[in-house]
Structures are given as C-alpha cells and as structure tokens.
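> Can you read through this structure? Questions will come right after.
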C-alpha cells in the first residue's frame, strides 16, 4: 500500500521541478560519512569534496553555530581539522577554509556543484581565497 502511494506521488510530480538550495544541502548532508567527511576515492578527494560541501553550507548561511545544518557544518569542519593525507599546499588551503568558516564568510563560487566534480576544487579554492 505504501509503495503505491509513493509511486502515485512520483507520477504526480512534474519532471522539470527546480532543485532548490535546500534540496542541494539536504543531499549533501545525507552524504556525510560517519567520520564527518564527504565520500571520495582518496584522502585528498575526500578533503576536496568536504571543502566544497562546507563552503556550500556556509554560502547558504549555515555555520557551526547557526542554521538548520549547523551540526553538519561542525562535523565537516572537524573532519577537515583531523590528520589527512594531503599535500602541504592542500593542508594550507584547508586551514584557510577553516578560517573562512570561523569568520562566517564563504568566498564566491559554485561550491555545491564542485562536490560532484572535485578535480578542480583545489584551484578554485586557491583562486577564491586569493594567494598568500
């Protein structure tokens, strides 16, 4: 019976429903691994996807202490603070992202989209945060 109701609901929805920011954030939140990071093939890949996710939440006004996704943001940040097998440059960028989260300001960027394609994320973060 429940299956039929669910199928009827799916059929009633138009195929061109716009995905909202909240939909995207819910999807990101559902992907968090038990250790608080995003999934990935390597430590660097997981770190990159985690950075993209935390910046997507931050861009939407969610911080470790404010917003509906505050616990998710806090878990993502704690993962980034953990010892990760990443390069020195990536570790430095992670530190700068953590500083941005602490300040409550996200750099401009399509961070949610980069969670699906983290290949260019390190360069995007470097560009968005400027070079030191």
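The values are calculated or read from the model by the stated rules, or taken from the named source; none is laboratory data. Being a predicted model, the structure only gives us computed values, none of them experimental. Don't worry about glycine lacking a Cβ; one is built from the backbone with ideal geometry, like all the others, and counts go over all protein chains shown.
> In this structure, does residue 109 turn out to be farther than 14 Å from residue 26 by Cα, at pLDDT 95 or above and not in a helix (DSSP H, G or I)?
So residue 109 does not fit the description; no.
> What are the residue pairs meeting all of these: first residue in the range 120-132, first residue at positive phi, second residue modelled with pLDDT under 80 and surrounded by 11 or more Cβ atoms within 10 Å (Cβ to Cβ), Cβ atoms under 8 Å, and 6 or more apart or on different chains?
Cβ pairs passing all conditions: none.
> Still on this structure: How many of the residues in the range 81-107 are touching a residue at least 40 places away in the same chain (Cβ under 8 Å) and in contact with a helix residue (DSSP H, G or I) (Cβ under 9 Å, 6 or more places away or on another chain)?
14
> Which is more than 16 Å from the chain's Cα centre (by Cα) and either part of a loop (DSSP other than H, G, I, E, B) or farther than 19 Å from residue 44 by Cβ (or both), of 86, 101, 73?
Criteria check complete, one pass: 86.
Per-residue answers, yes or no, for (1) within 29 Å of residue 62 (Cα to Cα); (2) at pLDDT below 90; (3) surrounded by 10 or more Cβ atoms within 10 Å (Cβ to Cβ):
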residue: 2; (1), (2), (3): no, yes, no
residue: 5; (1), (2), (3): no, yes, no
residue: 14; (1), (2), (3): no, yes, no
residue: 24; (1), (2), (3): yes, no, yes
residue: 27; (1), (2), (3): yes, no, yes
residue: 30; (1), (2), (3): yes, no, no
residue: 38; (1), (2), (3): yes, no, yes
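> Quick one: in the range 45-64, of everything that is more than 13 Å from residue 112 (Cα to Cα) and either in contact with a helix residue (DSSP H, G or I) (Cβ under 8 Å, 6 or more places away or on another chain) or in contact (Cβ under 8 Å) with a residue 24 or more places away in the chain (or both), which residue is surrounded by the fewest Cβ atoms within 10 Å (Cβ to Cβ)?
45
> Go through the range 112-127 residue by residue and tally those that are under 19 Å from residue 72 (Cβ atoms) and part of a loop (DSSP other than H, G, I, E, B).
2
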